[in-house]
1. Out of all the residues in segment 1-25, which are touching a Leu at 6+ places or on another chain (Cβ under 9 Å) and without any contact (Cβ under 8 Å) to a residue 24 or more places away in the chain?
2. I'd like to verify a number: residues in segment 101-145 that are in contact with a strand residue (DSSP E or B) (Cβ under 9 Å, 6 or more places away or on another chain) and either in contact (Cβ under 8 Å) with a residue 12 or more places away in the chain or within 14 Å of Pro66 (Cβ to Cβ) (or both), how many?
3. So the check is Cβ under 8 Å with 6+ separation or different chains; which pairs have a first residue in segment 26-47 that's modelled with pLDDT of 90 or more and a second one that's open to solvent by 70 Å² or more (accessible area, probe 1.4 Å)?
4. Spot the failing condition for Ser16; the list is (1) in contact with a strand residue (DSSP E or B) (Cβ under 8 Å, 6 or more places away or on another chain); (2) open to solvent by 40 Å² or more (accessible area, probe 1.4 Å); (3) among the small types (Gly, Ala, Ser), and only one is missed.
5. On the given criteria, is Gly143 over 19 Å from the mean Cα position of the chain (by Cα) and at pLDDT below 85?
6. Would you confirm whether or not segment 37-57 contains a residue that is within 29 Å of Leu132 (Cα to Cα), open to solvent by less than 40 Å² (accessible area, probe 1.4 Å) and among the aliphatic types (A, V, I, L, M)?
7. Residue by residue through segment 57-67, note down the ones that are under 14 Å from the mean Cα position of the chain (by Cα) and within 19 Å of Pro111 (Cα to Cα).
Amino acid sequence: GAPVTVALNPENTGASVLAQTHRLAGDEVAILAPEMPRGTTPSDLEVSYQAYVQTLPESVALVAMPNSPLQNDSQMAQHIASLLASDGRGLVTSVRGLNPARQAAERAGLPYAGITRSLDEAGGDEAAILRLLDRAAFDATRGGPIVVMGRATPATVAAIRAWNDAGGHEAIIGPL
């Protein structure tokens, strides 16, 4: 019942079918960029990105993992930002450090969102996830949009449902 964006790893079997299922349910779908090996070049990134887009053509953004080169390599960040801008997609990364991905997104004029909270910090404890969601909603009322991310574990899904049923979803502005 709450607006969510589901980030899917395009390398997983069935990712395109799962994306269609989520889209039919009204959810946004994003590309969860798989980890890239050391030594990945911008041309490697471009080939991978094109494959991701073929698998998840209705995706609205690319979500970089916290240890992605996009988090600390300005050349890679600039290259992916130009690819995303040409396709009309946004970029989502963790908020930390100098964040060249955010800077590249701003220069390219594409939508950017920074992940400020990870529900996985709660260690699978439903009550702790609920507290993190409440804290994120509180922070959002004070300082603007907050992006939270978590793996779709049973505890996380149950906590989000409980939070939503309790009216917490009213703090959500919307999907990406």
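The values are calculated or read from the model by the stated rules, or taken from the named source; none is laboratory data. What you are looking at is a predicted structure, and each value in this text was computed from that prediction instead of being measured. As a convention, Cβ positions derive from the backbone with ideal geometry for all residues, glycine included, and neighbour counts pool all protein chains shown. With ligands, DNA and RNA removed, areas are computed over all heavy atoms of the protein, side chains included. Shrake-Rupley method; radii C 1.70, N 1.55, O 1.52, S 1.80 Å.
1. Asn12, Leu18, His22
2. Matching residues across segment 101-145 total 22.
3. Once the first residue is modelled with pLDDT of 90 or more and sits in segment 26-47, its partners that are open to solvent by 70 Å² or more (accessible area, probe 1.4 Å) give Glu28/Leu176; Val29/Arg23; Val29/Glu58; Ala30/Leu176.
4. (1)
5. yes
6. No, segment 37-57 contains no residue that is within 29 Å of Leu132 (Cα to Cα), open to solvent by less than 40 Å² (accessible area, probe 1.4 Å) and among the aliphatic types (A, V, I, L, M).
7. Passing the criteria: Ser59, Val60, Ala61, Leu62, Val63, Ala64, Met65, Pro66.
Yes/no matrix, rows are residues, columns are (1) part of a loop (DSSP other than H, G, I, E, B); (2) within 15 Å of the chain's Cα centre (by Cα):
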residue	(1), (2)
Glu11	yes, no
Leu18	no, no
Ala30	no, yes
Pro37	yes, no
Ser43	no, no
Val47	no, no
